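These notes are about the structure you will find just below.
The values are calculated or read from the model by the stated rules, or taken from the named source; none is laboratory data. A quick note: this is a predicted structure, and the numbers were derived from the prediction, not measured. Please note: Cβ atoms are built from the backbone with ideal geometry, for glycine as well, and neighbour counts cover all protein chains shown.
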Amino acid sequence: MKGSIRVSAKTLDDAITEALVQLGVTSDRLEYNVIEKGSAGFLGIGMKQAVIEAWKKEERKDEPAKEPVKEDISSAAEKTDKKEERKKPSGEIKDEREKAEEAPVKEQQELAKVEEQTIRDVEQFINDTLKAMDMEVEVTSSIDENGVLCVNMNGDHMGILIGKRGQTLDSLQYLANRVANKHQSGYVRVKLDTENYRARREETLRHLAKNIAHKVKRNRRPVVLEPMNPYERRIIHSALQSDPYVTTHSEGEDPYRKVVVTLKR
């Protein structure tokens, strides 16, 4: 394929992300063939990297250029706040949303002390769910320095639980949070992880942010990233907040809300 590149990385998702960076396109403008899916191996032995051949999707001449989403509205989960937002100037609404998005999770809502029964309920929910999936998984829990209930899962074929860009893991985490807050007073936050995916994904996103910032400074044109959840958007904002030459903001409506990286004026 003319203009194609070959990219290798630890996982298929990481290879796709790297291709987006190298080609300077968003996910809707990328086409690729999987050459090697990659394998984690056993205890690191026999590990194979994922390999793809990627290229820019050819634009049809009669296809109008897509305009960035300009409307800045709340997600479906924030419907209860919309009436109050309508009373405020649009600039003030945007400032409040950006500040909330860039703020660390622990600052957004004070966490209650996690009760022992809550830990048991969450672990029971996860074990029952995975058992229904015919998966044998070891579940261990701990409380981190921020008071978050961290649940780690170990077992075979954990890639199934992670899903594409962590979507399956995020969905299970959402349900675990609902279970944790069903009976306990105060707000409890649950964080699920497996195979150190959260840290690996954060490292990938920070690497992506630095590469995108370099591309924006070189081409002097804004870059719109693919849709991300609020937690991942905060990672991008945080990674570039000290860069003196670029700035970031988000556009669109969840779950399609995207980070935009632009030159500072």
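Which condition breaks for ARG189 when tested against (1) under 22 Å from LYS10 (Cα atoms); (2) touching a helix residue (DSSP H, G or I) at 6+ places or on another chain (Cβ under 7 Å); (3) among the charged types (D, E, K, R)?
Single failed check for ARG189: (1).
If a residue has to be surrounded by fewer than 20 Cβ atoms within 10 Å (Cβ to Cβ) and either assigned by TED's automatic domain parsing to the domain that holds ARG165 or touching a helix residue (DSSP H, G or I) at 6+ places or on another chain (Cβ under 6 Å) (or both) to count, how many in the stretch 211-229 make the cut?
Residues that pass the stated criteria total 2.
Please go through the stretch 178-206 and pick out each residue that is farther than 16 Å from ILE162 by Cα, surrounded by fewer than 20 Cβ atoms within 10 Å (Cβ to Cβ) and touching a residue at least 60 places away in the same chain (Cβ under 8 Å).
Result: LYS182, HIS183, GLN184, SER185, GLY186, TYR187.
Residue check: is LYS264 in contact with a Ser or Thr (Cβ under 6 Å, 6 or more places away or on another chain) and farther than 21 Å from GLU138 by Cα? If you could, list the steps in order and put the result at the bottom.
Values: in contact with a Ser or Thr (Cβ under 6 Å, 6 or more places away or on another chain): yes; farther than 21 Å from GLU138 by Cα: yes.
So LYS264 fits the description; yes.
Please enumerate the residues belonging to the stretch 142-156 that are more than 15 Å from ARG198 (Cβ to Cβ) and surrounded by 12 or more Cβ atoms within 10 Å (Cβ to Cβ).
Keep residues of the stretch 142-156 that are more than 15 Å from ARG198 (Cβ to Cβ), which gives 143, 145, 147, 155-156.
Of everything in the stretch 142-156, those that are more than 15 Å from ARG198 (Cβ to Cβ) and surrounded by 12 or more Cβ atoms within 10 Å (Cβ to Cβ) turn out to be ILE143, GLY147, GLY155.
Please state which one of GLU96, GLU110, GLU84, GLU92 is loosely packed, with under 10 Cβ neighbours inside 10 Å, over 22 Å from ARG189 (Cα atoms) and either modelled with pLDDT under 90 or of a type in the set (A, V, I, L, M, F, W, C) (or both).
On inspection, the qualifying residue turns out to be GLU84.
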